[in-house]
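> Just dropping this structure here.
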Amino acid sequence: MILTDIEGTTSSISFVKDVLFPYARRALPGFVAAHGNDPEVRHWLDVVATEHGAMCDDAMIVETLQGWIDADRKHTALKALQGMIWSSGYRDADFTAHIYPDAAPALRRWHEAGETLAVYSSGSVPAQKLFFGHSDAGDLTGLFSNWFDTEVGGKRDADSYARIADALDAAPAEVLFLSDVVEELDAARDAGMRTILVDRLDDYPTPRDATAANGHPRVTTFDQIDAIR
């Protein structure tokens, strides 16, 4: 079984930072004005309000969310609302999701070989499905059988990976986790998973040496994964 991160692993960090985040930031005021009373949207807005002393002004909530975007905060409410906003962007073909050229063929090859594939990202599950459903390489959602976000727990928490293994009905050692973040790989390894550091030169111009990789096998493309897993 293969569990993969998205940003910095299958896809560039710059796409999320330079395309998706600014799009959501610009769209937030109009989105909340138009959909603030929709039950699902209201739920997440209320979560933000409650965390900040039960603020009742949607304009203040929007400003808080925009500040979280600027700070790249990994908050479940923000990720859920961003996912809803990005849905419109994908649907209107304002952009497609970047996929590294080596990632899509490898994912397809593993799927065709009968490998179980799953995603674990800080982005919400709906956002993950939108991402892979509108990628540069086409609709890749059918390759994945399971999707996990921070509702299962933080990505640097070993318990999160234990929960994912349980959800996959697998022993942790049966799962290979791919990520560009060493601390996430550390947590997965602590839970008993196998790990590989994906060290994309476009995202990390200074290659990480053995010390920086903290004992995790390192690749620069998905083409190298089969040889070491």
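> Count, please, the residues in the stretch 84-98 that happen to be under 14 Å from residue 25 (Cβ atoms) and within 13 Å of the chain's Cα centre (by Cα).
0
> If I ask for residues that are in contact with an Asp or Glu (Cβ under 9 Å, 6 or more places away or on another chain) and either closer than 20 Å to residue 11 by Cβ or of a type outside the set (A, V, I, L, M) (or both), which ones from the stretch 64-79 would you list? Please lay out each step first, then the result.
Here is the first cut: in the stretch 64-79, the residues in contact with an Asp or Glu (Cβ under 9 Å, 6 or more places away or on another chain) are 64, 75-77, 79.
The answer is 64, 75, 76, 79.
> Okay, moving on. Just to verify a result, which residue in the stretch 80-91, among those that are of a type in the set (A, V, I, L, M) and touching an Asp or Glu at 6+ places or on another chain (Cβ under 9 Å), is most open to solvent (accessible area, probe 1.4 Å)? Spell out the reasoning first.
Quick first cut of the stretch 80-91, residues of a type in the set (A, V, I, L, M) only: 80-81, 84-85.
Then drop every residue that is not touching an Asp or Glu at 6+ places or on another chain (Cβ under 9 Å), which leaves 80, 84.
Working: 80: 15, 84: 40 Å².
Among those residues, the one meeting the criterion is 84.
> Give 150, 116 a once-over and let me know the one that is hydroxyl-bearing (Ser, Thr, Tyr), in the same structural domain as residue 219 (by TED's automatic domain parsing) and modelled with pLDDT under 95. Outline the logic, then answer.
On the way: 116 fails: modelled with pLDDT under 95.
Every option except 150 fails the conditions.
> If I ask for residues that are in contact (Cβ under 8 Å) with a residue 60 or more places away in the chain and part of a helix (DSSP H, G or I), which ones from the stretch 133-160 would you list?
Residues satisfying the conditions are 150, 151.
> Name the residue that is least open to solvent (accessible area, probe 1.4 Å), counting only residues in the stretch 154-164 that are at pLDDT 95 or above and in contact with a Ser or Thr (Cβ under 9 Å, 6 or more places away or on another chain). Spell out the reasoning first.
Step one: of the stretch 154-164, the residues at pLDDT 95 or above are 155-164.
Subsequent filtering for residues that are in contact with a Ser or Thr (Cβ under 9 Å, 6 or more places away or on another chain) retains 155, 160.
Details: 155: 20, 160: 0 Å².
Filtering first and then ranking leaves 160.
> Further question: Looking at the stretch 92-101, can you tell me whether even one residue there is part of a helix (DSSP H, G or I) and either among the hydrophobic types (A, V, I, L, M, F, W, C) or surrounded by fewer than 19 Cβ atoms within 10 Å (Cβ to Cβ) (or both)?
To start, the set of residues in the stretch 92-101 that are part of a helix (DSSP H, G or I) comprises none.
Taking every residue of the stretch 92-101 in turn, none turns out to be part of a helix (DSSP H, G or I) and either among the hydrophobic types (A, V, I, L, M, F, W, C) or surrounded by fewer than 19 Cβ atoms within 10 Å (Cβ to Cβ) (or both).
> Applying the selection to the stretch 80-113, what residues are charged (D, E, K, R), modelled with pLDDT of 95 or more and more than 18 Å from residue 9 (Cβ to Cβ)?
112
Quick grid of which residues meet (1) free of Cβ contacts under 8 Å to residues at least 12 places away in the same chain; (2) out of contact with any Ser or Thr (no Cβ under 9 Å at 6 or more places or on another chain):
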{"site": "2", "(1), (2)": "no, no"}
{"site": "9", "(1), (2)": "no, no"}
{"site": "14", "(1), (2)": "no, yes"}
{"site": "39", "(1), (2)": "yes, yes"}
{"site": "47", "(1), (2)": "no, no"}
{"site": "66", "(1), (2)": "no, yes"}
{"site": "89", "(1), (2)": "no, yes"}
{"site": "96", "(1), (2)": "no, no"}
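> Could you check the stretch 165-202 and list, in sequence order, the residues that are small (Gly, Ala, Ser), part of a loop (DSSP other than H, G, I, E, B) and surrounded by fewer than 18 Cβ atoms within 10 Å (Cβ to Cβ)? Steps first, answer last, please.
Here is the first cut: in the stretch 165-202, the ones small (Gly, Ala, Ser) are 165, 167, 170-171, 173, 179, 187-188, 191-192.
Filter once more, so that each one left must be part of a loop (DSSP other than H, G, I, E, B): 170-171, 191-192.
Of everything in the stretch 165-202, those that are small (Gly, Ala, Ser), part of a loop (DSSP other than H, G, I, E, B) and surrounded by fewer than 18 Cβ atoms within 10 Å (Cβ to Cβ) turn out to be 170, 171, 192.
> Hey, among 205, 126, which residue is modelled with pLDDT under 95, in the same structural domain as residue 108 (by TED's automatic domain parsing) and buried (at least 17 other Cβ atoms within 10 Å of the Cβ)?
Details: 205 fails: buried (at least 17 other Cβ atoms within 10 Å of the Cβ).
Result of the check over 205, 126: 126.
> Might you let me know whether the stretch 202-221 holds any residue that is within 16 Å of the chain's Cα centre (by Cα) and in contact (Cβ under 8 Å) with a residue 40 or more places away in the chain?
yes
The values are calculated or read from the model by the stated rules, or taken from the named source; none is laboratory data. Every value quoted in this text rests on a predicted model; they were computed, and no experiment measured them. Here the Cβ is made from the backbone with ideal geometry for all residues, glycine too, and neighbour counts use every protein chain on show. The protein model used for the area step is the full one, side chains on, heavy atoms only, and it has no ligands, DNA or RNA in it. Shrake-Rupley method; radii C 1.70, N 1.55, O 1.52, S 1.80 Å.
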